[in-house]
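Peer 1: Let me give you the structure first, and then I'll get to my questions.
The values are calculated or read from the model by the stated rules, or taken from the named source; none is laboratory data. If you're wondering where the values come from, they're calculated on a predicted model, not measured in any experiment. For neighbour counting, all protein chains shown are included, and Cβ atoms are generated from backbone atoms with ideal geometry for every residue, glycine included.
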Ligand SMILES: CC(C)(COP(=O)(O)OP(=O)(O)OC[C@H]1O[C@@H](n2cnc3c(N)ncnc32)[C@H](O)[C@@H]1OP(=O)(O)O)[C@@H](O)C(=O)NCCC(=O)NCCS
């Protein structure tokens with residue numbers, strides 16, 4: 001099977017979560033957490049103030065994207081969308097970039113770790129040619145880096161002054177897990 005033919009599962013079930021594609025009727029759940037400026041502190045590309053319309057646009061993007069290369073999942077807990085996980089797959093490089101977030105009301109309960117781990121397992125499982133999954137975070141985003149460590153990623157280094165967003169310059173930590181590490 002060629003890498004670009006492989007499609008990851010639409011629904012992934014973990015101990016506490018159901019990960020499934022975003023739907024248009026998720027807009028109020030997404031808006032409820034994404035309007036929180038503390039939640040988007042390190043997500044500097046997001047507009048401020050964050051309006052309901054932005055949540056609609058976000059969902060439209062997720063629905064329209066090709067799931068073969070840009071799969072995303074709404075993280076649902078007891079029927080409520082409390083966050084999201086996504087991958088951007090670079091077919092030529094046989095790699096994928098992982099992203100995740102969860103509503104502030106659910107921070108530090110292990111939910112992103114649980115969701116990210118399940119998505120990595122699904123990605124390496126469904127795509128035999130995939131050799132690497134990587135992720136990046138603002139160096140001050142300690143929670144995100146801890147999630148990366150907990151799912152078995154290794155810190156590759158810090159790119160200094162590598163991003164300018166909302167007029168701020170910041171350093172970015174890069175982490176990755178290789179297929180052979182995942183298999184071990
Ligand atoms: C960063 C974020 C993803 C962490 O998700 P989470 O579900 O709270 O993380 P988990 O509960 O799985 O925690 C994993 C580890 O990180 C630690 N952690 C979580 N948030 C932390 C924080 N703000 N500071 C320090 N450690 C933190 C947890 O204690 C846990 O470590 P432990 O098991 O050693 O105690 C979440 O805070 C979030 O969604 N933030 C807003 C969006 C965002 O920044 N996304 C990532 C962009 S790169």
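Peer 1: Output the residues belonging to the stretch 131-156 that are away from the ligand (no atom under 11 Å from the Cβ) and out of contact with any strand residue (DSSP E or B) (no Cβ under 6 Å at 6 or more places or on another chain).
Peer 2: Answer for the stretch 131-156, where residues must be away from the ligand (no atom under 11 Å from the Cβ) and out of contact with any strand residue (DSSP E or B) (no Cβ under 6 Å at 6 or more places or on another chain): 131, 154.
Peer 1: From the list 71, 49, which residue is more than 16 Å from the ligand (Cβ to nearest atom) and touching a residue at least 60 places away in the same chain (Cβ under 8 Å)?
Peer 2: 71
Peer 1: Further, regarding this structure: Any idea how many residues of the stretch 14-26 are more than 12 Å from residue 62 (Cα to Cα), outside any loop (DSSP other than H, G, I, E, B) and out of contact with any strand residue (DSSP E or B) (no Cβ under 9 Å at 6 or more places or on another chain)?
Peer 2: So the first thing to find is which residues in the stretch 14-26 are more than 12 Å from residue 62 (Cα to Cα), and the list is 14-19, 25.
Then keep just the ones that are outside any loop (DSSP other than H, G, I, E, B); that gives 18-19, 25.
Adding the requirement that they be out of contact with any strand residue (DSSP E or B) (no Cβ under 9 Å at 6 or more places or on another chain) leaves 25.
Counting residues in the stretch 14-26 that are more than 12 Å from residue 62 (Cα to Cα), outside any loop (DSSP other than H, G, I, E, B) and out of contact with any strand residue (DSSP E or B) (no Cβ under 9 Å at 6 or more places or on another chain) gives 1.
Peer 1: Same structure, new question: Is there any pair linking a residue in the stretch 95-106 that is over 14 Å from residue 148 (Cα atoms) to one that is near the ligand (Cβ under 7 Å from one of its atoms) and part of a helix (DSSP H, G or I), with Cβ under 7 Å and at least six apart or on different chains, and which?
Peer 2: Once the first residue is over 14 Å from residue 148 (Cα atoms) and sits in the stretch 95-106, its partners that are near the ligand (Cβ under 7 Å from one of its atoms) and part of a helix (DSSP H, G or I) give 102/111; 102/112.
Peer 1: Going through the stretch 43-59 one residue at a time, which ones are modelled with pLDDT of 95 or more and not in a helix (DSSP H, G or I)?
Peer 2: 50, 51
Peer 1: Another question, then. Could you count how many residues in the stretch 143-158 are assigned to a strand (DSSP E or B) and under 18 Å from residue 43 (Cα atoms)?
Peer 2: Matching residues across the stretch 143-158 total 1.
Peer 1: Something else: Every residue in the stretch 118-142 that is free of Cβ contacts under 8 Å to residues at least 60 places away in the same chain, assigned to a helix (DSSP H, G or I) and surrounded by 15 or more Cβ atoms within 10 Å (Cβ to Cβ), please.
Peer 2: Result: 124, single match.
Peer 1: In addition: Just the residues that are part of a helix (DSSP H, G or I) and in contact with a strand residue (DSSP E or B) (Cβ under 9 Å, 6 or more places away or on another chain), please, taken from the stretch 159-184.
Peer 2: Within the stretch 159-184, 179, 181, 182 qualify.
Peer 1: Filter the stretch 27-42 down to the residues that are in a loop (DSSP other than H, G, I, E, B), surrounded by 15 or more Cβ atoms within 10 Å (Cβ to Cβ) and free of Cβ contacts under 8 Å to residues at least 60 places away in the same chain and list them by number.
Peer 2: 35, 40 - these are the residues of the stretch 27-42 that are in a loop (DSSP other than H, G, I, E, B), surrounded by 15 or more Cβ atoms within 10 Å (Cβ to Cβ) and free of Cβ contacts under 8 Å to residues at least 60 places away in the same chain.
Peer 1: Considering only residues that are in contact with a strand residue (DSSP E or B) (Cβ under 7 Å, 6 or more places away or on another chain) and more than 16 Å from the ligand (Cβ to nearest atom), which ones fall in the stretch 106-130?
Peer 2: Of everything in the stretch 106-130, those that are in contact with a strand residue (DSSP E or B) (Cβ under 7 Å, 6 or more places away or on another chain) and more than 16 Å from the ligand (Cβ to nearest atom) turn out to be 122, 123, 130.
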